[in-house]
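Where a number appears in this text, it was derived from the coordinates with a stated rule and is not lab data. Note that the structure is a prediction, hence the values are computed from the model and not measured. Cβ: placed from backbone, ideal geometry, glycine included. Neighbour counts: every protein chain shown.
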Amino acid sequence: MRYLLIVLFVSLVTLACSGQDKPIVEISGAYQYDHLSFSGDGVSGTLNLSRGWDGSVNVPVLRWFDAVGDVSRVWKTESYGSSSSSCSYSSGCGSASATLSVLTYGGGPQLTYRSSPYVQPFARFILGNAHSSLGASVSSVSATASVNSFFFAPGGGVDIRIIHNLWFRIETDWLYTRVDGVTVNGVRGLGGIKYTFGGSRPSPASPRHSQSPELVPTAARMKISALGIMAAVGQQQGAEIAEVFPNGVAALAALHRGDVIDAVDGKPVKSPMETLPGTPLKVSDSRPS
């Protein structure tokens, strides 16, 4: 089982794409707290394991689909000892301690909603092996026992961006395993950080006043009263009409804005300055197609 998970994880790493809209790989570390319930063989109870850690490596295969590998360990130690005042020659003095540890490792799929560059919820399903061990010692005598079992843990959480590569993670899983007729299940709470490699940076919001309207250069104009027009200067050969005044010569000749006067009194016009007033005026124009 262990080697199958390793081969699967390595294969997914090699198939992962390094697109700009998703990270190449994500690594997370978190504190873990477990509240477990056990039942079987007529015995049942609950157990709180307040010491624990969790580490995971996540490889985005697609923008929303990931392959994740996860390792975690929780444990609890109880110690009992006799005070010196209660010691006697016949009973003697002694101490006892017991440590319960649960180590899990596995992998599975993860779905991550990456539409927001600042808050990304996710859901995942982890399955693998749970190694439970119990060690006890009384005075100088100690004994240990361990057992392996299959487990699965569906869950989810949310990542909140702190800076570009660093995220704060909150997660909750539900763990289930069964071995030798004993069922163990419960809630795992995790809180920690995630570091990403690759991926796009969030675009900073541009201030509203930072963008000024595009300035469109305007051409110089020249008023030619004799023709009743405003001509554009320096645009092209001739006198391009930029504005036609009502009841003027150009208006009576049915000229329009955009027409180009290329001759006056039969003389070629290269610029508006050559449209000198005179009577009568014979105006010829060319209109853009």
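Taking θ as phi - 60° and the Karplus parameters 6.51, -1.76 and 1.60, the scalar couplings of region 112-124 work out to 10, 8, 9, 5, 9, x, 10, 10, 10, x, 8, 9, 9 Hz in sequence order, x denoting glycine and proline. Using a cut-off of 11 Å between beta-carbons, work out the net charge of the residues near ASP159 (Lys and Arg +1, Asp and Glu -1, ASP159 not included). Within the 11 Å Cβ shell, the charges total +2.
All other residues whose Cβ lies under 12 angstrom from that of SER97 are scored, Lys and Arg at +1 and Asp and Glu at -1, for a net of 0.
Net charge in the neighbourhood of ASP173 (other residues with Cβ under 11 Å of its Cβ; Lys, Arg +1, Asp, Glu -1) is -2.
Rounded to the nearest whole Hz, the Karplus-based 3J(HN,Hα) values (6.51 cos²θ - 1.76 cosθ + 1.60, θ = phi - 60°) of region 105-110 follow the sequence 8, x, x, x, x, 9, with x at glycine and proline.
Out of the chymotrypsin sites (Phe, Trp or Tyr not before Pro) in region 108-143, which ones are loop residues according to DSSP with at most 12 other C-beta atoms within 10 Å? Don't skip to the end; give the middle numbers.
Numbers: sites: TYR113, TYR118, PHE122, PHE125; in loops: TYR113, TYR118.
When the chymotrypsin sites (Phe, Trp or Tyr not before Pro) of region 108-143 are filtered for loop state and at most 12 Cβ neighbours within 10 Å, TYR118 remain.
Peptides 137-147, 30-40, 53-63 ranked from most to least packed, by the mean per-residue count of other Cβ atoms within 10 Å: 53-63, 30-40, 137-147.
Amide H contacts of GLU240: ALA232, ILE261, each under 5 Å away and 5 or more positions distant or on a separate chain (H built 1.01 Å from N in the peptide plane; Pro and chain starts excluded). Here region 128-146 and region 150-179 have alpha carbon centers that stand 28 Å from each other.
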